[in-house]
Structures are given as C-alpha cells and as structure tokens.
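Written below as structure tokens is the structure these notes are about.
All of the numbers you see were taken from the coordinates with simple rules; none came from a lab. The shown structure was predicted, so the numbers you read here are calculated from the model rather than taken from an experiment. Counting neighbours? That spans all protein chains shown, and the Cβs are built from the backbone with ideal geometry, glycine included.
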Number of protein chains: 2
Amino acid sequence: MAASQVKIGSAEPQAHSQHSRDEILKAAMQLFANRGFHETSMSEVAREARVSKALIFWHFKTKEELFVAVLNRLLEPYYIDFAEEAAAMDERTQILTLVRFYLSFVRDNASSVRFFLTQMLRDRHLSEGLTDQVLKLYGGYRAMLVELIARAQEKGICPKRFTPESATGFIISALNGILVEHLFLGESAIEPEGAVEMVGDWLFGNSGPSPSDGGISAA
Amino acid sequence: MAASQVKIGSAEPQAHSQHSRDEILKAAMQLFANRGFHETSMSEVAREARVSKALIFWHFKTKEELFVAVLNRLLEPYYIDFAEEAAAMDERTQILTLVRFYLSFVRDNASSVRFFLTQMLRDRHLSEGLTDQVLKLYGGYRAMLVELIARAQEKGICPKRFTPESATGFIISALNGILVEHLFLGESAIEPEGAVEMVGDWLFGNSGPSPSDGGISAA
DNA sequence: TTACCGATTGACCGAATGGTTAGACCTTTC
DNA sequence: GAAAGGTCTAACCATTCGGTCAATCGGTAA
C-alpha cells in the first residue's frame, strides 16, 4: 500500500483518503489510549475525527482492525536502535547509557507505556500480537544487557559476583519497579539519575564520581 | 429452593436475603475479576448467581455499587499484620522475612493482584477508593522496611551506604519489577529465594558462606 | 457530455446494555 | 382469616452498541 502518497497536496483521490484515514487513526489513538477498547465507541471516534461512522468502517473492516492499527502506530517509537550511538563507548558507559535510556524513555512515553501494559494485562485475547512484539523488544533489551555485562566481566571492569543473566534480571527488575512507581505514584517517585547511580554502584562497586560514601563491602 | 437450611437467624427473612446477596457477590467477583467492569453485564452476573437481574438491583442500587462491594471483598486478604510473628527476630531476619512475604503473597494472590493493578491503571475514576487503600497498604509496607533498615544501620548490622529511604526505594523497586515479570511472563521469571538472597547481599554485603541458612529459612 | 469509481454520508438494523415496574411469593403479626 | 412488609421475578423501557446499505459527491477518462 501507500504507493504515491508523497504528493500530499495534490488533488489525487488517495490524498483525501489518506488524510481522513489519518484523522480517524489519530482520534482512535487518543480515545483508545485514554479509555480502552470496550469503553470507546465507534461513534465517539467518528465524532472526534469529524467523520461519519460509516467511513470508519470503510477504512477498517471492524472495530478490532482499527484497534490493531492504532496499536501498531503507537508501537512505532519503541523501535529504536541503540547500537549506533553506543559503538564507541566502553562497556561500563554502554550499560549505564542503556539503563538511562530505559528510564528516560519510560518517562517520556509514560502514557503509551501505561496504555500498553493495561492492554496486555486486561485483554489477553485482543493483544496477542502486541504482547508478542513487546516481549520481543523486552527480550532484545535484556539480551543486550546480558552481553554487555558478560563482556565487562571478561575485561575485568565488573566483578563476577553474579552471572550476567542474574545480574541483568536484577537490574531489569529494579527498572520495572521504578516504572511501576512512576505509573502509580506519578513523576515524583524516583529521579532517574539516582537509579542509574545505584545500578552502577551495585554492578561495578563504588565508583569515583560520587565520593560521598566511604569504603564499601563490595566484596 | 434451599430455604431455611442456614438456621442462623431461624426463619428470619434476612437469612434468605444474605444468602442471595452473597451468591451475587461471589458471581460478580469472578466475572469482574476475569473480564473487568465494562465487559461484564448485569445479566451475566444474574445468570451466574442463578438469580434474577432485578434482584441484583434490589441488593445494590447500581452496577457501580456492586463493583465497589466486590473490590472491598477482594481487598480483605490484603490486610495482614506482620508485627506479631516478627517480634522476636533480629532486624536482618525481619527484613528478609518481609521481602519473602511480599514475594509469596504476590505469587499466591497473583490473579487478584493483576486485577487490582489493571483496575487502577484503567479506570482511575471507578477505583479512587481502591487506589487510596492500596497506596495506604503500600506505604505501610514501605514504612516498615525503612524503619527496619534504619534500626539495622544503627545496630551496625547493615552498612550505611544509602539512607534507609533510598535503600527501601531500591528494594521495593526490585520487588515490583519481579511482580511485573511475574504478571507478564508467568511463574517462571524469577524464583523468590534467589531474589531474597540478592537483596540480602546488596543490603548487608556478601556474607561469604551460604548465609541465609541460619534459622531464617523457616518461614 | 457521459460513464465510471473511489470516497463519503445519513438512515437504518438487530442485539445487548443498565435500569424500572408491577406484581407475586412467603413469613410474621394481629 | 387479613394486613404488612421483606424478598424475588418476568416483562418491559430507553438507549447505545457495532455494523450495513443505498445513495451521493467529486474527480478522471472516454
């Protein structure tokens, strides 16, 4: 699809179609995200998009199809590539950058993150595809961390107190915990930098930059 | 139908009423928990409870009122008192027991935990009272941990790398992270004992020989 | 002009929803 | 007996839901 949609301003019929389709998606995105699937009616979407209800059913065969389209559009910003900007860093910096990235992403995209989690928890059936994609992203992130930690351990930057897998599990658990607090208690819960510092501390032993603590039992 | 077998109040009319009310609550509990508020219809509840729909509206003025009643009943097992069984332990053991308690509770009550979280995330308006109660429980747990860690630090059992507040924040984040994995990835994610050990390790420093097997693992 | 076709609409449909009502049932009290 | 009142139900109501359909609009090609 999307053959010649580049010439937006022209008078081609596709342009009109694309535009209305986009309006519908935009309206549906907002409504679904704020109220969920079952609580949002097609009439509301139509009204919000300033379009007749029948047109929605011309663009999307069914309410579920519209919903899935919305999910996929909301999922787009989740696909980033970390590799490019991290290539030059040493492992320690990469790991901390990765952690920092997770935290700031969650904070910046809190509303859609909340939406996805709610959706996956509630409507197992409707969100099968979504769950697959999210778990895949999640697994990718985890694998990246595992490998970074393993490399750091090989280079001796990082003590071998735990296996890379269990260390990663612990770190990710902590990150998810922060996410939970963020979702339920609002922004105030924990400032990201503190969390990054704690992770660095736990993983590498007490490090230079924050000297406030005395010698540690890092063992 | 099963008229006067209860014998509680002899032949008083209230017995009938109480019984049907309970049946309704039981059915509603199951349906609401599995499908959510909007996806559950009063007719379904009536059918499941083998009762006429009108009777539900006689017991509960409105669907929302029934829902709130269900929430409160589901919330009952969350109120426990930890103090009694922990009085005799030293701080280290108390802290680890508290962590272990959190983990096993989440595992044993996974379905209602999932229900509450979903509900709080989705229907902010419907769950105001619920959110208040849950946050209060949460705050209580947190306060307990903070005080235990503070006492442990005073006694020198626990190094003072972090303030009790931030250490507690970190631990609880890790616990919530485990909860998240449990909710999304099923049982397999992390075995509780490993998590307890990691927490102990992080908080008290690595106590060389397999430490937790003093008298702790009893609980 | 006419014929065609993608895009768009208002009016409509059957099913289900939350909620109401009029009255029946049952037990106690006089 | 009859009156009273708590408990329960079948039938009903207005509304909304997801979805359909015949008809139209606007631009393009002949």
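Within the straight-line cut-off of under 19 Å between alpha carbons, the lysines reachable from B:Lys53 are B:Lys26, B:Lys61, B:Lys63, sequence neighbours fewer than 8 places apart in one chain being disregarded. For region A:128-145, putting each phi into the Karplus relation 6.51 cos²θ - 1.76 cosθ + 1.60 with θ = phi - 60° gives couplings of 4, x, 4, 4, 4, 5, 4, 5, 5, 4, 4, x, x, 4, 4, 4, 4, 5 Hz, in residue order, rounded to whole numbers and with x for Gly and Pro.
Charged side chains reduced to their Cβ positions (Lys and Arg at +1, Asp and Glu at -1) give region B:29-143 a dipole of some 480 debye around its Cα centre. Inter-copy label distances at B:Arg50, using a point 7 Å along Cα-to-Cβ, come to 5.7 nm with the shortest given first.
Inter-copy label distances at A:His38, using a point 7 Å along Cα-to-Cβ, come to 0.9 nm with the shortest given first. Note on B:Tyr79/B:Leu185: beta-carbon distance plugged into 1/(1 + (r/R0)^6) with R0 of 41 Å gives a FRET efficiency of 0.90. Using a label point 7 angstrom from Cα along Cα-to-C-beta, what distances in nm, from shortest up, separate A:Ala143 from the other copies? Relative to the other copies, A:Ala143 has label-point distances of 4.7 nm. Here the simple spin-label model places points 7 Å from the Cα toward Cβ, and for A:Thr93 and B:Ala87 these points are separated by 5.8 nm.
Each Lys or Arg adds one and each Asp or Glu subtracts one; over the other residues with Cβ under 12 Å from the Cβ of B:Lys155, this totals 0.
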